[in-house]
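Before any comments, here is the structure.
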């Protein structure tokens, strides 16, 4: 009988926490759901851990989970506002873009500094329909890991 009670508690938590998480994701904005900067990635991981713990463990007080989710969302919004108003803070909280190809030449030192093997860059070029490195005037690995050429 105890197992049925715990399953009902878990079910109730799922049906209350997941809609709250959806509302929070919409509140945080499109930026937090698309290609994630580092800080937003940690926010999403934290939200997942908080929600997962609440759903899986009936001993955790539900109100604490709700408060944690709301506080994490507000922290994310505050950091976004700081990043928008202070460029230095934005650079500190995310990876800077790195030039990896210039005038058809691979910049191996830059590749090494970001930990990208040449094969990854070549694959990303092929995905952009570029098959000859010498055709590339400039290629940049962006903060979200995509390649701009």
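So for the range 97-109 (the condition being over 12 Å from residue 147 (Cβ atoms) and in a helix (DSSP H, G or I)), does at least one residue qualify? For the range 97-109, residues over 12 Å from residue 147 (Cβ atoms) and in a helix (DSSP H, G or I): present.
When the range 54-72 is filtered for residues that are outside any helix (DSSP H, G or I) and surrounded by 14 or more Cβ atoms within 10 Å (Cβ to Cβ), the ones remaining, listed by number, are 58, 60. All told, residue 53 falls short of being free of Cβ contacts under 8 Å to residues at least 24 places away in the same chain and touching a helix residue (DSSP H, G or I) at 6+ places or on another chain (Cβ under 7 Å). Taking (1) at pLDDT below 85; (2) under 26 Å from residue 115 (Cβ atoms); (3) in contact with a helix residue (DSSP H, G or I) (Cβ under 8 Å, 6 or more places away or on another chain) in turn, residue 88 satisfies each apart from (3). On inspection, residue 75 fails the criterion of being within 30 Å of residue 17 (Cβ to Cβ) and surrounded by fewer than 12 Cβ atoms within 10 Å (Cβ to Cβ). Of all residues in the range 95-149, those satisfying the criterion of being in contact (Cβ under 8 Å) with a residue 60 or more places away in the chain and surrounded by 14 or more Cβ atoms within 10 Å (Cβ to Cβ) are 143, 144.
The values are calculated or read from the model by the stated rules, or taken from the named source; none is laboratory data. Just so it is clear, the model here is predicted, and its values are computed rather than measured. FYI the Cβ positions are ideal-geometry reconstructions off the backbone, even for glycines, and counts take in every protein chain you see.
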